[in-house]
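Q: Structure incoming, see below.
Each value in this text was obtained by applying a stated rule to the coordinates, not by laboratory testing. None of these values were measured; they are calculated from a predicted model. Because the Cβ atoms are built from the backbone with ideal geometry, glycine has one as well, and the counts that use them run over all protein chains shown.
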Amino acid sequence: MTATAPPPVAEDASATRWQRVRGPALVIGGLGIVTLALRLRDPHEHGSWGLCPSAAMGVYCPGCGGLRAVNDLTHGDLAGAASSNLAFVVALPFILAGLALWILGRWRGRPYRVPMSVITPTAYLSLALLAAFTVLRNLPVGSWLAP
């Protein structure tokens with residue numbers, strides 16, 4: 001006897017459009033509020049958003065400089081954002097595309113499902129690239145990647 005994959009889960013036909021898009025809308029709204037807060041309170045000022053524990057120990061994690069990158073992007077400074085956290089700037093279009101596909105699929109009532117055959121290698125590649133980015137930005141040769 002062979003095992004078969006379960007049928008795809010369909011959207012609840014009785015759900016209203018607002019019920020379908022509530023989750024993505026709340027996430028996107030929350031991200032918008034955080035982005036506005038980063039626009040209004042400059043993370044370039046030392047201690048304005050607290051201190052990063054890894055940076056305090058002299059190690060730059062892959063997220064170090066992310067708040068400054070968002071602030072720079074809200075001011076239209078792409079070069080400054082890339083200087084603060086290049087990994088975030090490179091990942092941002094993919095993050096925005098994912099959010100757009102999420103809410104669009106929910107809006108239409110046909111959620112976009114990414115197959116696991118795509119998710120798994122993409123996740124491993126992303127983790128490997130973030131690990132390489134982290135190591136490189138903490139070495140003298142990659143100091144230009146440090147925030």
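Q: If you scan region 31-49, which residues turn out to be loosely packed, with under 13 Cβ neighbours inside 10 Å and in a helix (DSSP H, G or I)?
A: Passing the criteria: GLY32, ILE33, VAL34, LEU36, LEU40.
Q: Right, something else. Give me the pairs, please: first residue somewhere in region 122-135 and closer than 13 Å to ALA146 by Cα, second residue anywhere and aromatic (Phe, Trp, Tyr) and surrounded by 13 or more Cβ atoms within 10 Å (Cβ to Cβ), beta-carbon distance under 9 Å, and either six or more positions apart or on two chains.
A: Listed by first residue and then by second, the contacts come to THR134/TYR60.
Q: So PRO111 clears everything in (1) of a type outside the set (Asp, Glu); (2) part of a helix (DSSP H, G or I); (3) within 30 Å of THR16 (Cβ to Cβ); (4) in contact (Cβ under 8 Å) with a residue 12 or more places away in the chain except one condition, right? Which one?
A: (2)
Q: Could you check region 50-61 and list, in sequence order, the residues that are under 22 Å from LEU130 (Cα atoms) and surrounded by fewer than 12 Cβ atoms within 10 Å (Cβ to Cβ)?
A: Scanning region 50-61 gives LEU51, PRO53, ALA56, MET57, GLY58.
Q: Tell me, please, whether a residue that is touching a Leu at 6+ places or on another chain (Cβ under 9 Å) and either closer than 30 Å to ALA15 by Cβ or among the aliphatic types (A, V, I, L, M) (or both) can be found in region 115-128.
A: Looking through region 115-128, none of the residues is touching a Leu at 6+ places or on another chain (Cβ under 9 Å) and either closer than 30 Å to ALA15 by Cβ or among the aliphatic types (A, V, I, L, M) (or both).
Q: Filter region 50-67 down to the residues that are part of a helix (DSSP H, G or I) and not polar (S, T, N, Q) and list them by number.
A: Residues satisfying the conditions are PRO53, ALA55, ALA56, GLY66, LEU67.
Q: For region 68-97, what are the residues that are in a helix (DSSP H, G or I) and of a type in the set (Asp, Glu)?
A: The answer is ASP72, and nothing else.
Q: From ASN138, ASN71, which residue is in contact with a helix residue (DSSP H, G or I) (Cβ under 6 Å, 6 or more places away or on another chain) and either surrounded by 13 or more Cβ atoms within 10 Å (Cβ to Cβ) or at positive phi (or both)?
A: Result of the check over ASN138, ASN71: ASN71.
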